[in-house]
């Protein structure tokens, strides 16, 4: 009869070695008066962070903090260093969430207006299709405003999404996006819609004229309801690097961003620049895009996201 | 911002001055600073590390000449190394002189393939090629329509098969169509695809095998971060391409991803694309991007842009007037028109070294130029030629006529007087005035109108 059928000798040996190493390290430190910290691991972790687009300064700060915490830490194993850093990343994301994510969607004031903004090719239209699907699925009456009056065939693209999801879309033959927004909000009010999703043209944050136009759209919405838009979501391409922070800063000058959608996270990119955005701007990440189907928009889960950064 | 970098480097290098040689110990801080600059520009971690090691090797043991500071010396080594890595000479697009040239575009979603395909079509049409655009993106809703609209804007035919979900068939039929119609250049736009999507990558390979392109171009967004190495390498290994196109360079990203891509894939950058206007396409100059990555302005581009749009004759006339101190509002108006032709004011300003970072914070509204134009348009010929006669009532009339305020008019006149003074100064200083210098100074002046 085997008493220890799940006994794993290797594991025991490993943990014993670790314990012995720890003891040896302690003795060494006591003798030399210096705390020994695993610099190789820290450097590897710094590489992981920077390679996720978290940015040099934030990554360095996190590693520095971990180094300080380690001085008082008994367990200095690689796993525990990782754990420390994960916790730090999580606390950054949660800090951002606490600031602005207190109220959930509330439809007391109908319609609930969501303005979608972002640079060219970030995935605004696709995100709108997915958002419309989600809202409809949870039993809301959704209407889409096609206010990208600039891009060739933008109307057609949004129409196809609207058909796919089965929601109406407001298109106006005009070059003025504010006119479309006005029309859509009038219809939404008259016909008692729950949610209005407004698609806007992609604009680089460096194009001042187009940014001013965004401000104008915001003002038209405010004429309908001073509390609207209830949400202004900035769509960021998950592939983007440090420039994403610049995008947030510029868009923030003309609109009040209430949340972020990070798209294209189904590839190998991590979109880590959000840590800097959350730290500097206290804007929460609301959704992530993970594919081209209507179902592929997920709620942002900080802990899962942080895990993903360390899964290579 | 080049000044900024050099200054930073100077600070870290201060302690070596007088030591005569760059050594491991005395340049370590400097190298850390460079690493930071590269990482902030989105250069991949590993690539930045390798780059620093290379620079270190080049720099160690270098004698610091008396004529340059250690900071300048290190900046020079970094810059040269960057230019070398980005590709030492500009690579031209291969075009078959006779027979068919087929160009295929590939890349991730949203990187700008469709817009670029139309730009390339226009560029080649201007080079007297007979171009056919092929709508090979059958997945993204309305991608085919988008290309059709762009095609009609530049008067280039677009080939598509209604309702077809077979990009391989579309591509091969487009080739037959081009041959039949006697068109010699085919540009195939393909769907954006993720590099880890095996099925979609195989599709790209299938299209490529079928049409055997003269050039396959990988299109990449200049704002891409660290992951650029992974996607570029996957596209290279699976589909392979002949050149790279960098898009959205009209933004303020530093474009470090290009350095990352060039270090994992030995393919030249062939074009850069900067904006939504269909003629904003340029061939690639490694030295300019090197400056941009280091945060240094792009003077060369600016000078060339000016040369392209400045009418030689008008320039000569203007120079004569400047020399004679006879620069009036009429000339000022011409200048504004020229500047407008060159592109948006903010994009022009961002190319001037030292202005890059300042512009980011300054609010530059291109419509200011329109306002200035309106004010000058509201002046009589006499007033334009002789601004001295602009008294209070004239100013009031001009403000009303141009829909601006008296303050606006006053400000413009004041700016103009300052500009005249500056020109006078320049004339006495050098005796001879360089047109481009004046153009540049004029830009700075316009900036103050805000």
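General remarks:
- Subset of region A:255-290 (residues that are touching a strand residue (DSSP E or B) at 6+ places or on another chain (Cβ under 9 Å) and facing chain B (nearest Cβ under 9 Å)): A:263, A:264, A:266, A:269, A:271, A:273
- Test for residue A:167: is it without any contact (Cβ under 8 Å) to a residue 60 or more places away in the chain, more than 14 Å from every other protein chain (Cβ to nearest Cβ) and either surrounded by 24 or more Cβ atoms within 10 Å (Cβ to Cβ) or in contact with a strand residue (DSSP E or B) (Cβ under 8 Å, 6 or more places away or on another chain) (or both): yes
- Residues in region A:67-94 that are without any contact (Cβ under 8 Å) to a residue 40 or more places away in the chain and outside any helix (DSSP H, G or I): A:72, A:73.
- Helices (runs of 4 or more DSSP H) contained in region B:358-450 and holding at least 1 residues at pLDDT below 60: B:406-430, B:435-447
- Selected residue (criterion: farthest from the other protein chains (Cβ to nearest Cβ)) from residues of region B:244-263 that are without any contact (Cβ under 8 Å) to a residue 60 or more places away in the chain and more than 18 Å from residue A:122 (Cα to Cα): B:244
- Some residue of region B:144-157 being crowded, with 20+ Cβ neighbours inside 10 Å and more than 10 Å from every other protein chain (Cβ to nearest Cβ): yes
- Positions within region B:111-139 being surrounded by fewer than 20 Cβ atoms within 10 Å (Cβ to Cβ) and not in a helix (DSSP H, G or I), in sequence order: B:127, B:128, B:129, B:130, B:138, B:139
- The residues of region A:266-292 that are part of a loop (DSSP other than H, G, I, E, B) and free of Cβ contacts under 8 Å to residues at least 40 places away in the same chain, listed by number, are A:266, A:267, A:268, A:290, A:291.
- Close pairs (9 angstrom Cβ cut-off, 6 or more residues apart or separate chains): surrounded by fewer than 18 Cβ atoms within 10 Å (Cβ to Cβ) in region A:189-202, outside any loop (DSSP other than H, G, I, E, B) and modelled with pLDDT under 95 anywhere: A:189/A:224
- Which listed residue, of B:280, B:222, B:273, is buried (at least 24 other Cβ atoms within 10 Å of the Cβ), at pLDDT 90 or above, within 14 Å of chain A (Cβ to nearest Cβ) and in contact with a strand residue (DSSP E or B) (Cβ under 8 Å, 6 or more places away or on another chain): B:222
- For region A:134-150, a tally of residues being within 14 Å of chain B (Cβ to nearest Cβ) and surrounded by fewer than 21 Cβ atoms within 10 Å (Cβ to Cβ) returns 2.
- Residue B:180 vs. criteria part of a helix (DSSP H, G or I) and farther than 30 Å from residue B:229 by Cβ: yes
- Top-ranked residue in region A:225-254 [being in a loop (DSSP other than H, G, I, E, B) and away from every other protein chain (no Cβ under 14 Å); ranked as surrounded by the most Cβ atoms within 10 Å (Cβ to Cβ)]: A:229
- Here the condition is being crowded, with 21+ Cβ neighbours inside 10 Å and within 13 Å of chain B (Cβ to nearest Cβ); of A:210, A:131, A:158, it holds for A:158 alone.
- Residue in region B:173-187 that is under 20 Å from residue B:245 (Cα atoms), buried (at least 24 other Cβ atoms within 10 Å of the Cβ), touching a strand residue (DSSP E or B) at 6+ places or on another chain (Cβ under 7 Å) and within 14 Å of chain A (Cβ to nearest Cβ) present: no
- Looking only at region B:98-110, residues that are outside any loop (DSSP other than H, G, I, E, B) and at positive phi come to 1 in all.
The values are calculated or read from the model by the stated rules, or taken from the named source; none is laboratory data. In this text the structure is predicted, and so the values were computed from the model without any measurement. With ideal geometry, Cβ positions are generated from the backbone for all residues, glycine too; neighbour counts draw on all protein chains shown.
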